[in-house]
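Some notes on the structure that comes next.
What follows draws every value from the coordinates through simple rules; no lab data is involved. Just so you know, these numbers come straight off a predicted model, no measurement behind them. Note: ideal-geometry Cβ built from the backbone for every residue, glycine included; neighbour counts use all protein chains shown.
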Amino acid sequence: MELRQMRYVVAVAEEGSFTRAAARVHIAQPAISQQIAQLERELGEQLFDRTERRIRLTAAGQAFLPYARAALQAAATGRDTVTALRGVLAGHLIVGTVPAPPATLLGQLARFQRRHPRVRFTLRTGDPEQLVQQVVAGDLDTALIGTAGPRLPAGPAGQRLPATLAAREFDHEPLVIAAPVGHPLAANADAALADLHEQPLVTLTPGTGLRAALDHACAEAGVDPDIRAETDDLALLAELVEHGFGIALIPGSAARRLGPRLVTLPLRHLALDRPLTLIWRRDHITSQARAFLEMDPPATPAP
């Protein structure tokens, strides 16, 4: 059983095709087929069902795949650890983040890359529940999520984060009101939470930090929100506002990306924000993630 065979199994499983997998790992298609057939003979089980056009994992293949991925990850971690002994950090850092991440996260990643130029990184977006699950599964080294509630580690919708995760407050991002051009509120310099009363609202779906912030603020102010539309996509939320479905409470970082498309108003008499928290697994921290997490926190909150 060889690491290259593990790599080929993972490639075929993810691509659903021997041809695409061969192109991905830069070898001829017959070679990848032969190596996987050899591994199947050694295991005494078929790993892939080849009877259909799209290659699928068998039950044995589904059972084997997590161990193949773990073996490849362990080998990569071992290689990176030895490299780090020479004072050079290399390898791969995989970071998850909420959509429209704040400038502080991008600045932190830029500082990290300047300090460790041999580390490549992947940035993935998702809602808080997805990001939590991916960190728990080891698919992400760390993730920035919007949290609900004043106490850490409070996760999406106020749920407690799994005990296997560690958490650290990263930033607080101000929330603003976004309205379409020509809306009655658009002529104002700012807005109050009471202005949301009887106004059509669009918002993110339940389970997101932004939705939790809206629900909590409205409950505290005695405002019954008239939610007309929901989405799980922050960019689409802005589109819904632009097309007149309603007004929205959005992060300041998203507002800055909108330019002239929408009018954004700071909240009057109330400072609402979205607490942002870094999470990672307590029992498994790669050297790349450790270096990132040990960096000094952002000097100032996001504007």
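How long are the semi-axes of the equivalent ellipsoid of the range 42-130, defined as square roots of 5 times the Cα gyration tensor eigenvalues? Whole Å, largest first. Intermediate values should be presented prior to the final figure.
Numbers: eigenvalues 236, 92, 18 Å².
Taking √(5λ) for each eigenvalue gives 34, 22, 9 Å, largest first.
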So for the chain, averaging the separation of alpha carbon pairs under 8 Å that are six or more residues apart and normalising by length, what relative contact order in percent results? 20 percent
In Å, what Kirkwood hydrodynamic radius results for the range 3-83 from the alpha-carbon pair distances? 12.9 Å
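Only Cα pairs under 8 Å and at least 6 apart count here; give the relative contact order of the range 3-83 as a rounded whole percent. Intermediate values should be presented prior to the final figure.
Values: 74 pairs, mean separation 26.0, N = 81.
With pairs under 8 Å counted, the relative contact order is 32 percent.
Would you work out the charge dipole size for the range 3-83 about its Cα centre, treating the Cβ of every Lys and Arg as +1 and the Cβ of every Asp and Glu as -1, and quote it to the nearest 20 debye?
Working: 11 positive and 8 negative charges, 43 e Å.
Using Cβ point charges on Lys, Arg, Asp and Glu, the range 3-83 gives about 200 debye.
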In nm², the average projected area of the convex hull spanned by the Cα atoms of the range 172-274 is 5.7 nm²
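Among 27-37, 197-207, what's the highest-first ranking by average C-beta atoms within 10 angstrom per residue? Intermediate values should be presented prior to the final figure.
Details: 27-37: 15.3, 197-207: 17.5.
Peptide ranking by packing, descending: 197-207, 27-37.
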Two-decimal log10 I(q)/I(0) for the chain, as the Debye equation yields it once each C-alpha is a single scatterer, q = 0.07, 0.08, 0.12 Å⁻¹: -0.37, -0.48, -0.89
Above 11 Å lies some portion of the pair distances; for the range 29-70, what is it as a whole percent of all C-alpha pairs? 68 percent
